[in-house]
Amino acid sequence: MRIRIEGTGLPGVFFGPRADRSGERPNAHVGVQSRGRRGELLGLVRGDSPSATWTLDCTAARTAAAVDLKGPYVQGPPGGRFIYLSWVDVAETGDPTMFRRAKLWLEGLPGDAVEAAIAGGVLVGRLRLTDERGGPLFASVRPPRISWTAEPSSSGV
């Protein structure tokens, strides 16, 4: 099974929380964090890109209570799974320094979308990557901030 995250409305590459420019992030990027490897990011995308898309492989295991999704980019214990989108500032040397993360919760996914993705589709999460203040989206992300649907696997995967 696959999960595709589609982000739009990125905040830009320059991000500074203070008027005196202390703490600014002049080269912001976002990527999907690998499970257990905070510094390992899939598909870094510049913060001024028009959109960002990540496709993740995962497995679906049925339990008595629900479907449990697992994979190299799925974090957390059963019943508390999520995907991290990590915001990093990329130095001139190419080294990223994380400064924020968005936790995309997989709890409460629409059952019909999960079943369609298991049957050969793709589970698609769509969200805007800029918060209310114009900065990078961070903290816990659940519907309606993210919408989850299923699409046929032939649609761009």
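The values are calculated or read from the model by the stated rules, or taken from the named source; none is laboratory data. Since this is a predicted model, take the numbers as computed values, not measurements. No Cβ is skipped: glycine too gets one built from the backbone with ideal geometry, and neighbour counts run over all protein chains shown. These area figures cover heavy atoms from the full protein model, side chains too; ligands, DNA and RNA do not enter into them. Shrake-Rupley method; radii C 1.70, N 1.55, O 1.52, S 1.80 Å.
For the reader, a short list of remarks on this structure follows.
- In the range 129-144, the residue that is nearest to R100 (Cα to Cα) out of those that are touching a strand residue (DSSP E or B) at 6+ places or on another chain (Cβ under 6 Å) and open to solvent by 50 Å² or more (accessible area, probe 1.4 Å) is F138.
- Among the residues of the range 91-119, the ones that are out of contact with any Pro (no Cβ under 9 Å at 6 or more places or on another chain), touching a residue at least 60 places away in the same chain (Cβ under 8 Å) and not in a loop (DSSP other than H, G, I, E, B) come to 6 in all.
- Residues (free of Cβ contacts under 8 Å to residues at least 24 places away in the same chain and touching a Gly at 6+ places or on another chain (Cβ under 8 Å)) located in the range 120-157: S147
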